[in-house]
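Remarks on the structure that follows.
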Amino acid sequence: QVQLVESGGGSVQAGGSLRLSCTVSSYTDSTDCMAWFRQAPGKGREGVARVDTLYREKYANSVKGRFTISQDNAKNTLYLLMDNLKPEDTAMYYCAARGGSCPRDFIAFNPSIYNYWGQGTQVTVSS
C-alpha cells in the first residue's frame, strides 16, 4: 500500500510559477513510476507529466516547455514545477503512482494503470 499527499497548490496570476509536492509514505511497493494528473470542472482526468524508473520524463503537449517533473533521491517526494502558468492550467492536480513495472510512454497517461492516488491540490491561475 502507498499513501500519497499533494501540497503546494494555490492561486497565481498568469505567467507565475508554482511547485507542487507529493509526499510518499506508508508504502510497501515500488513507486519508481509516478505521474501528475489534473482535472478541471467538466473535464476528465488528464495526464500532465510522468517520470519512469530511469527518470525519463513525459509531458502532455499542453505543458511541454513549461512544467518539469522530478523525484528526490530517496523517492519519497515527487515534484511538479510549473512555470509560465496559464488560466487553462487551472485544475485539481493529483499525484499518482504505479506499483511494479513502469509502462511505456504511449499509455503513461491512462489513469487506469496507476494503483495509488493522492487527494489532490488545487491550482488556480487568473489572467
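The values are calculated or read from the model by the stated rules, or taken from the named source; none is laboratory data. Computed from a prediction, not measured in an experiment: that's the story for all the values here. Neighbour counts are summed over all protein chains in view; Cβ atoms, including those assigned to glycine, are modelled from backbone coordinates with ideal geometry. Remember, those area values only see protein heavy atoms, side chains included, never the ligands or the DNA or RNA. Shrake-Rupley method; radii C 1.70, N 1.55, O 1.52, S 1.80 Å.
In the stretch 55-65, is there at least one residue being within 18 Å of CYS22 (Cα to Cα), open to solvent by less than 10 Å² (accessible area, probe 1.4 Å) and not aromatic (Phe, Trp, Tyr)? The answer is no; no qualifying residue exists. Taken residue by residue, the stretch 26-36 has no member that is over 18 Å from TYR114 (Cα atoms) and modelled with pLDDT of 95 or more. In this structure, ASN84 does satisfy being touching a residue at least 60 places away in the same chain (Cβ under 8 Å), of a type in the set (S, T, N, Q) and open to solvent by 70 Å² or more (accessible area, probe 1.4 Å). For TYR59, the requirement of being under 23 Å from SER126 (Cβ atoms) and either in contact (Cβ under 8 Å) with a residue 60 or more places away in the chain or aromatic (Phe, Trp, Tyr) (or both) is not met.
Per the listing GLY9, GLY99, the residue uniquely open to solvent by less than 70 Å² (accessible area, probe 1.4 Å) and at pLDDT 95 or above is GLY9. Among the residues of the stretch 71-127, those that are more than 13 Å from the chain's Cα centre (by Cα) and under 18 Å from SER17 (Cα atoms) comprise ASP83, ASN84, LEU85, LYS86, PRO87, GLU88, THR90, THR124, VAL125, SER126, SER127. Within the stretch 12-48, work out how many residues are hydroxyl-bearing (Ser, Thr, Tyr), in a loop (DSSP other than H, G, I, E, B) and either open to solvent by 30 Å² or more (accessible area, probe 1.4 Å) or without any contact (Cβ under 8 Å) to a residue 12 or more places away in the chain (or both). Residues that pass the stated criteria total 5. Across the stretch 49-70, the qualifying residues are those that are of a type outside the set (Gly, Ala, Ser) and in a strand (DSSP E or B), and the one among them that is nearest to TRP36 (Cα to Cα) is ARG50.
So, in the stretch 102-127, exactly how many residues are of a type outside the set (Val, Ile, Thr), closer than 18 Å to ASP32 by Cα and open to solvent by less than 60 Å² (accessible area, probe 1.4 Å)? Don't jump to the end; show me each part of the working.
Start the filter on the stretch 102-127 by keeping residues that are of a type outside the set (Val, Ile, Thr), which leaves 102-106, 108-112, 114-120, 122, 126-127.
Still in the list and also closer than 18 Å to ASP32 by Cα: 102-106, 108-112, 114-118.
Applying the additional criterion that residues be open to solvent by less than 60 Å² (accessible area, probe 1.4 Å) yields 102-103, 108-109, 111, 114, 116, 118.
Going through the stretch 102-127 one residue at a time, the tally reaches 8.
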